[in-house]
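Note sheet for the following structure.
The values are calculated or read from the model by the stated rules, or taken from the named source; none is laboratory data. The structure presented is a predicted model; accordingly, all values stated were derived computationally and were not measured. Virtual Cβ from ideal backbone geometry, glycine too; neighbours counted across all protein chains shown. Each accessible area value is taken on the protein alone, full model and side chains, heavy atoms only, with ligands, DNA and RNA left out. Shrake-Rupley method; radii C 1.70, N 1.55, O 1.52, S 1.80 Å.
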Amino acid sequence: MNVSRRKFLALTSAAAGSTVAARAFAQAPDTGHSAALAPWKSGVRIAPVSTVPDRHTIHTYFNVTPESPDGSTVLFYTAAVPDGQTAGSLIVRDRRTGKERTLVTGLDCEDAHRVACQQWISNGRRIIFHDLRDGEVVVVTVDPATLKQRVLARHRMVSFGQQHSDLIPIYGVHFQPDQFRDVELLNAATGEIKTLVTADAIRAAYPQQIAALYGQKPISTPFGTISPDLKLLFVKLSDTDDRYKPRPPGQMKWPHSYQSDREGLVMFDIEHSKLVFFQRDWGHPAWFPDSGRILNFHNTVTGARTGKTVTIPNLPEFPGQHLTPSPDGKLFVTDTKLETFGGKKGEWGVAVCDAAGTDWTWIAKFQGDEGATTWRKNHPHPAFSPDGKRIYYNVNSGPWTTLHVAERSDAEVS
């Protein structure tokens, strides 16, 4: 039986609700054994990143941090329209002074879930994002010092790179990839686009697994995410939804519903130019800083060169989770729906867990089903700062989605 990713996540969230023992909503276990977790157990300071009213402020995704590599500024997307996905801007805010600078305006995004996929690259010298311009989806960089923009790829979307690198995975528009179906890596400094592996080669390597998901329909390879050491890359597989009606060049519009089926994870070894393994379920994968492991849905860890998966012990299921490790790999942060923890429908929380298991703690709980009226709801998508002392996450409470920051108790007040 083929199960789409959306169905898979719905089923796993339901399963979590039936297997997790009810916990007191206001408490987490106090095992006290984790020294790495101790600064997150008390004295955590939480505040909105920006105090400017009457607009959405959105961090893009759990795979990347909005804080600059040097820790001085925070990058976020803003929009003053209810849906949060149109008429957007990219803003950087100085963490010390609170001064904000607008880098880009007039952004048109697929949804408010990941907005423009804006992220720091090139050691802070560039910010990369995608945008719908004149009926075409483009990948663009902006220099935060000069505001100069460069369009580096057309009919592509940007995925997730590393702050210290110029290299960034890109992919053909997932609902209409046209000829851009292969795994591509963009060098944002030179503009070079390199094909790492073709979609046809992936199908040839895993014919039965891909046929079980997509039959013989053409596949593409969105959401590539490169490892911290730049030697490995995992990608998702996708095909175009049968309901989608392709549009001529220059007339692209964002469909305001799911228009592609996306499931399957493939690991590729960039260094040796070879496929490593196929995994049926995508979940929400994120790299550990050692580049040897992937953290994923259900508190699982997969060996990046073996495909072997183990479960982190003695932690609860976190329904709906997006989880990512700390920069030192000792902790991970996740968001979660709170009904199975005694919360009300629509409430979300953010928890920090010891990556070895057992010990964990709440840092925030909030109403999470309001905010931007986008067709695809934004989620908290928590992510650590580069130094591991802060956690950024989106809050969908009231009419505006707002980016918040939680700072651990031993961090200097900024």
Compute, for residue 317, the solvent-accessible surface of its heavy atoms (probe 1.4 Å) with the complete set of protein chains present, and express it in square angstrom to the nearest 10.
-> 50
Taking amide hydrogens as modeled 1.01 Å from N in the peptide plane, which residues meet the under 5 Å criterion relative to residue 176, leaving out close sequence neighbours?
-> none
Looking only at Cα atoms, what is the convex hull volume of the range 134-245 per residue, in Å³?
-> 110
Quick one: which residues, 5 or more positions from residue 260 or on another chain, have an amide H under 5 Å from its amide H? H modelled 1.01 Å from N in the peptide plane, none for Pro or chain starts.
-> 241
Could you run the Debye sum over the Cα atoms of the range 273-412, one equal point scatterer each and no solvent, and tell me log10 of I(q)/I(0) at q = 0.11 Å⁻¹, two decimals?
-> -0.42
How high is the FRET efficiency between residue 314 and residue 87 when r is their beta carbon distance and R₀ equals 45 Å, given to the nearest 0.05?
-> 0.45
Can you give the accessible area of residue 164 in Å² (nearest 10), computed on protein heavy atoms with a 1.4 Å probe?
-> 90
For the range 176-306, compute Rh as the Kirkwood radius over C-alpha pairs and then the Stokes-Einstein diffusion coefficient at 25 °C and 0.890 mPa s; write the answer in µm²/s, rounded to an integer.
-> 155
Expected vector for the range 259-271, Karplus 3J(HN,Hα) from phi with 6.51, -1.76, 1.60 and θ = phi - 60°, integer Hz, x for Gly and Pro, equals 10, 8, 9, 9, 7, x, 10, 10, 9, 10, 8, 5, 4
Mind giving me the nanometre distance, one decimal, between the label points for residue 190 and residue 345, set 7 Å out from Cα along Cα→Cβ?
-> 5.5
Label points 7 Å out from Cα along the Cβ direction at residue 204 and residue 410: separation in nm?
-> 5.3
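What shape does the range 33-149 have by the C-alpha gyration tensor, where a ≥ b ≥ c are the square roots of the eigenvalues, rounded means a/c under 1.5, and otherwise prolate means a/b greater than b/c and oblate the rest?
prolate
Starting from the eigenvalues of the Cα gyration tensor, five times each then square-rooted, give me the equivalent ellipsoid semi-axes of the chain, largest first, whole Å.
30, 26, 21
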Identify all lysines with a Cα-Cα distance to residue 345 below 22 Å; exclude those on the same chain that are fewer than 8 residues away in sequence.
-> 7, 337, 365, 377
HN-Hα J in Hz across the range 138-154 - Karplus 6.51, -1.76, 1.60, θ = phi - 60°, x for Gly and Pro = 10, 9, 9, 10, 10, 7, x, 7, 9, 6, 6, 10, 9, 7, 10, 7, 10
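Assuming 0.36 nm per residue, please report the length gained on full extension of the stretch residue 229 to residue 290 beyond their Cα-Cα distance.
Between residue 229 and residue 290, full extension yields an extra 21.2 nm.
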Projected onto the charge dipole of the chain (unit charges on the beta-carbon of Lys, Arg, Asp and Glu, signs +1, +1, -1, -1), the Cα from 372, 393, 58 with the largest positive-side position is that of 372
HN-Hα J in Hz across the range 200-211 - Karplus 6.51, -1.76, 1.60, θ = phi - 60°, x for Gly and Pro | 5, 5, 5, 4, 5, 6, 10, x, 5, 5, 6, 4
To the nearest 10 square angstrom, how much accessible area does residue 83 have with a 1.4 angstrom probe?
-> 40
Out of 187, 314, 63, any idea which swings most in a Gaussian network model of the chain, alpha carbons joined below 10 Å?
-> 314
What does the accessible area per residue of the range 186-228 come to in Å², with a 1.4 Å probe and no ligands, DNA or RNA counted?
-> 43
Amide H contacts under 5 Å for residue 103, placed H, 5+ residues apart = 90, 91, 92
Compute the whole-percent fraction of alpha carbon pairs in the range 76-209 spaced more than 19 Å apart.
-> 53
Where the range 282-397 is the region considered: accessible area per residue in Å², 1.4 Å probe | 31
Evaluate the distance, in nm, between pseudo-label points positioned 7 Å from the Cα of residue 179 and of residue 35 along their respective Cα→Cβ axes.
-> 5.8
